[in-house]
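Since the structure comes first, as C-alpha cells, the remarks are kept for the end.
The values are calculated or read from the model by the stated rules, or taken from the named source; none is laboratory data. Keep in mind that what you see is a predicted model, and the values were worked out from it rather than measured. Because the Cβ atoms are built from the backbone with ideal geometry, glycine has one as well, and the counts that use them run over all protein chains shown. Just so you know, the surface numbers come from the protein's heavy atoms only, side chains and all, with ligands and any DNA or RNA stripped out. Shrake-Rupley method; radii C 1.70, N 1.55, O 1.52, S 1.80 Å.
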Amino acid sequence: MVKTKKWIALLATLTLFGALFVGCSNTKSNESSNTKNPTGSAVDTKKSTDKPVDGGTLTVSSFSDIVSLNPIFVADSASGDVSRFVMASLYDLDRKGNLTAEPWSLAAAPLEVSEDGKTYTVKLKKEAKWSDGQPVTADDVIFTIDTFRNPKVGSPGIGQFDKVDKLEKVDDQTVKITLKQVFAPFQYSLFNQLIPYHVLKDVKPEQLKDNPYGKDPAKTVTNGSWKWSEWKRGQYLAFEKDPSYWGQQPHIDKVVYKIYADQNTEVQALMKGDTDLIQAIPVTQVEAVKKKDGLTVLLAPGPLYEYVAFNFKPENFPDNYVPFTGVKTRQAIATALNREGMIKNILKGTGTKLNAPFLPGTWADPGSAVTEYNYDPEAAKKLLAEDGWVAGSDGILTKDGHRFSFELQYNAGNSRRQQVAAVIQQNLKEVGIEVKPKAIDFSSWAENNLTPGKFPAVLLSWSLNNPDPDGEQTYSSKYFPPNGQNMGWYKNEKLDKLWVDGYSTVDQNERKKIYEEVGKEISTDLPYVFLYQYGLPQGLGSRVKYAEADAPEASLPYGYYFHIQNWWLTQ
C-alpha cells in the first residue's frame with residue numbers, strides 16, 4: 001500500500017476481509033508536474049467541461065485474467081475489478097470512504113445501526129432487478145450472508161460475516177442483521193455484492209465454487225449497469241449495456257477488459273490508442289506516457305502494500321522442513337533486504353517503507369511502536385548464526401541437514417515484481433540463502449497456490465477493499481485456507497487475541513492503542529516481511545471524459561472506476 005498524503009486523511013485503512021491479491025500494480029508518486037491528481041480537486045479540465053454523450057466502447061487493459069466473478073469467491077484484483085461492471089454493490093463508498101447508498105447501489109437508504117452497535121438494518125430499492133428480470137430482494141441479502149459464513153462453502157471472505165448471529169426478513173426489501181458481538185468494521189462488510197437466491201438456492205454449499213455461476217457469462221445472472229456477454233480466456237471479457245437495467249443507464253455502451261502479455265505491452269496499447277484505461281503504468285514509463293498528447297496520468301497513493309509472505313506449513317516444502325520457523329531467521333531476512341534501495345531504484349522514489357500492515361498516516365498507524373529493520377547484511381548474518389544456520393560447502397546455509405533454499409513465487413508480466421524478486425535473490429544470496437524466483441500466470445497462481453495456501457514464499461501485494469484497520473482474516477489462525485486469507489498458515493495466539501480486541505469496541509482511541517500492540521507484535525514476529533506502500537499510475541486515453549465529481553479516486557478500493565456509470569466517451 002502506498003504512502004500517504006491525502007489518502008491518509010481520508011481513510012483509516014486496512015481491511016477486514018478487505019484484501020485482494022494484486023496481480024497488476026506499480027508505483028505511485030506524489031510529485032510530477034504533468035500528473036493529474038485523481039481526486040475531484042485536480043481533474044483534467046478537458047475531461048470536466050465536455051457534455052456527456054451516450055455510446056462507444058471503453059477498452060480497459062490488464063495483464064491478468066479473472067478467476068471468478070462470483071462475489072463469494074472473489075479474492076484477486078482482476079476478478080474484483082471486473083465485477084464492478086456487472087454487479088451492483090449493496091452499499092458504495094463516497095470519496096471520503098464513508099458507506100453510502102448511491103443511485104446505483106442496491107440499498108435505498110443509509111444503513112441503520114442500533115445504539116449498541118450490534119443490529120444493522122438494510123433497506124433495498126424496490127426497483128432493483130437481476131438481469132433475468134427477477135427482483136433483488138431480502139432473500140438475496142440473507143442467502144448471500146449465509147453463504148459467505150458457511151464453512152462448507154470455503155469463501156475467503158468468511159470473516160466478514162461469521163460474527164452474524166441472526167438474519168431477519170422484515171419484508172421483501174428490508175433485512176435486519178444482528179451480530180453476536182460488536183464488530184467495528186461490519187458496516188464495510190456491506191460494501192459488497194450479492195448472489196441470486198433464485199438461481200443458486202439449490203446448489204450444495206460444497207459444490208458452489210465449481211458451479212458455472214461467475215465463470216460462464218450465459219449462466220451468470222447479474223444486477224449491474226452492464227451485462228457479461230463474452231469471455232475469451234486469456235484474451236478479453238466483454239460487457240454490454242443492459243437495456244433492462246433497473247437504474248439510470250450508463251453513458252458507455254460497452255466495456256471490453258482486454259488482457260495483454262505484460263505491462264509493457266499494455267503501455268504500448270495505450271500510446272497507440274488501442275486501450276483507453278490502464279491501471280498500472282510501470283514507473284519507468286510514466287514520463288513517456290505523459291509526453292504523449294491526449295493521455296492523462298493519475299498518480300496518488302492507493303490502498304496497496306507489497307510484501308514477502310512466508311509459508312509455515314511443512315507440506316509446502318520438498319523435504320517437509322520449514323526454513324522460516326525461527327523468528328531470528330525471519331528478522332534476518334528483513335534485515336538483509338535493501339528495501340530503501342528497492343524504493344529508490346525500482347520505484348523511482350515513490351513508495352514508503354513499511355514494517356507492519358497499517359498504512360502510514362492513517363489513524364491506526366502504530367508509528368514508532370513497530371520494530372524497524374534497516375538494511376544490514378552483517379547483522380543479518382549474525383541473527384542467522386544465532387538461529388543455528390551454518391555455511392555449507394557451497395556457501396549456502398544449512399541447519400539440521402537442510403539447505404536454506406526456497407522458491408519465491410510472483411506473477412508473470414509484472415515488471416516491478418520481476419525486478420524486486422531479483423533484488424531479493426541477490427540480497428539473500430549475500431547472507432547465504434538461496435532464492436529461486438518463479439513467475440506464474442496470475443489467475444492460475446491465485447487459484448492453485450494463493451487461495452489454497454500452497455507455496456513456499458510469495459512476493460505479492462494486498463489491495464485493501466475497505467477502510468478499516470482490522471486484519472484478522474489475513475493474519476489470524478482462525479482463517480486458514482480455504483475459509484479465510486491467512487494463506488501462509490501463520491499462527492500467533494497473542495496476535496489472534498489482539499485482532500479480536502481491536503474490533504470488539506467502536507471507540508477509536510481504544511482501538512488505536514490495540515493496533516499499536518498489533519504493530520509491535522507483528523513487526524517483531526514477522527509472518528511477512530512488509531516491504532512498502534505504493535500506488536498505481538493510472539493512464540487514461542483522450543476519449544475518456546468525466547465530470548469533476550466523478551473523477552477517479554486513488555485512495556479508494558476500486559477508485560480507478562469511481563462513478564464510472566457517469567463517465568462518457570467522445571468518439
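Taking every pair of distinct Cα atoms and averaging 1/r, then inverting, what Kirkwood hydrodynamic radius in Å comes out for segment 420-535? Walk me through the numbers on the way to the answer.
On the way: mean 1/r = 0.0624 Å⁻¹.
Result for segment 420-535, one decimal place: 16.0 Å.
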Which entry in (1) 180; (2) 134; (3) 148 matches volume of the Cα convex hull per residue in Å³ derived from the coordinates of this structure?
(2)
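Could you give the semi-axes, largest first, of the ellipsoid that matches segment 323-455, computed as the square roots of 5 times the alpha carbon gyration tensor eigenvalues and rounded to whole Å?
Numbers: eigenvalues 120, 92, 47 Å².
In descending order, the three semi-axes are 25, 21, 15 Å.
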Could you work out how much longer the chain between Thr121 and Thr100 gets when fully extended? Use 0.36 nm per residue separation minus the Cα distance between them, nm to one decimal.
6.2 nm
Principal axis dimensions, segment 520-571 - Cα atoms, whole angstrom, descending:
54, 18, 14
Accessible surface, per residue, of the chain when the full set of protein chains is kept, probe 1.4 Å, Å²:
36
What is the dipole size for segment 328-444, taken about its Cα centre, with +1 at each Lys and Arg Cβ and -1 at each Asp and Glu Cβ, in debye to the nearest 20?
280
For segment 383-399 and segment 537-554, distance of Cα centres in Å:
52
Taking the Cα centre of segment 77-205 as origin, sum charge times position over the Cβ atoms of Lys and Arg (+1) and Asp and Glu (-1), and report the length of that vector in debye to the nearest 20.
240
Give me the one-decimal nm value for the distance between modelled label points at Lys166 and Thr57, 7 Å along each residue's Cα-to-Cβ direction.
5.3
Calculate one ³J(HN,Hα) per residue across segment 274-291 by plugging θ = phi - 60° into the Karplus curve 6.51 cos²θ - 1.76 cosθ + 1.60, and present them in order as whole Hz with x for glycine and proline.
7, 9, 9, 8, 10, 7, 8, 7, x, 4, 5, 10, 4, 4, 5, 5, 5, 7
At 7 Å along the Cα-to-beta-carbon direction for both Asp501 and Ala108, put a label point, then send me their distance in nm to one decimal.
4.4
DSSP beta bridges in the chain [antiparallel fraction, %, rounded to 5]:
75
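Treat every Asp and Glu Cβ in the chain as -1 and every Lys and Arg Cβ as +1, leave all other atoms uncharged, and give the resulting dipole magnitude about the Cα centre to the nearest 20 debye. Don't jump to the answer; show the numbers that get you there.
On the way: 65 positive and 69 negative charges, 168 e Å.
It works out to roughly 800 debye.
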Return the carbon/sulfur percentage of the accessible area of segment 65-116, one whole number, probe 1.4 Å, all protein chains in place.
48
Counting only the heavy atoms of the protein chains, how much of Asp165 is accessible to a 1.4 Å probe, in Å² to the nearest 10?
90
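Out of the DSSP beta bridges found with both residues in segment 364-451, what percent are antiparallel (nearest 5)?
For segment 364-451, the DSSP antiparallel bridge percentage is about 35.
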